[in-house]
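Reviewing the structure listed below.
Taken together, the values in this text are just the output of simple stated rules run on the coordinates, not laboratory data. Here the structure is a predicted model, which is why all the values come from computation and not from measurement. Please note: Cβ atoms are built from the backbone with ideal geometry, for glycine as well, and neighbour counts cover all protein chains shown.
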């Protein structure tokens, strides 16, 4: 989960029904604000893209149609979160990376590690949600979805680590500059599974010297 900037609704645009937030311009604005990613697991361009309520409305129409309460999530995360997690970090107001760290070691079946960096009730509940999203085993279906998600994350992280190695070993200055720019793009918040890759940079002093300035 990474920090997102929530754009204001265009003048004259109102949300009074589900149809309003599922079509242009509201949905497209939401999609752009979320970088076309699930705001929870951070998968880029998920096929099951859904409108998700940060706080479940549970019959409250004000929350149901409140622009600030609407984000995009994949089917897996939206279904897992359901109405059970209503006190998580609001990533449009607070930087989740200051409160939660996610990581995986290079092993295909390894579970995601979730560390709370700054304790609060919101951080605790967010960590519990991410544990369910990445490592959930309540049902066979959920377990399989989580395993598939972890495999995609690991593939992305393997590609990222390989890019870092190529950058470190490249003697040609021009080619090295190309690897540098590629790494910078991969740690942008708009990148898929960005929190994982940004975490790799943060945990390494040498990488922070090289790329830390691009994590802001």
Study note, to complete from the structure: GNM of the chain, Cα pairs under 10 angstrom: of 123, 206, 56, the biggest fluctuation goes to 206
**Study point:** Relative contact order of the chain, pairs being alpha-carbon contacts under 8 Å that are 6 or more residues apart, as %
**Key:** 19 percent
Point to revise | Ordering of 4-11, 125-132 by burial proxy (mean other Cβ atoms within 10 Å per residue, highest first) | key: 125-132, 4-11
Review point. Based on the alpha-carbon gyration tensor of region 150-214 and its eigenvalue square roots a ≥ b ≥ c, which shape applies: rounded if a/c is under 1.5, prolate if not and a/b is larger than b/c, or oblate?
Key: prolate
Check your understanding: In degrees, nearest 10, range 0 to 90: what is the angle between the Cα axis of helix 140-169 and the longest Cα principal axis of the chain?
Key -> 40 degrees
Exercise for review: Could you check which residue among 174, 149, 72 shows the biggest mean-square fluctuation in a GNM of the chain with a 10 Å Cα cutoff?
Suggested key: 174
Practice item. Would you look at the GNM of the chain, springs on alpha carbons closer than 10 Å, and say which of 181, 50, 118 moves the most? Key: 181
Check your understanding: Summing -39500 (n - 2.57) over the DSSP H runs of n ≥ 4 in the chain and dividing by its residue number, what mean residue ellipticity at 222 nm do you reach, to the nearest 500 deg cm²/dmol?
Key -> -13500 deg cm²/dmol
Revision key, fill the gap. Rounded to whole angstrom, the alpha-carbon centroid of region 29-105 lies from that of region 178-216 at a distance of 23 Å
Point to revise | Using alpha-carbon coordinates, inclination of helix 121-135 to the longest axis of the chain, degrees | key: 70 degrees
Point to revise | Simple spin-label estimate for residue 98 and residue 62 in nanometres, 7 Å along Cα-Cβ | key: 2.8 nm
Check your understanding: Can you give the alpha-carbon Rg of region 81-150 over 2.2 N^0.38 Å, where N counts its residues?
Key -> 1.14
Practice item. Mind computing the radius of gyration and Dmax over the alpha-carbon atoms of the chain? Å is fine for both. Key: 18.1, 61
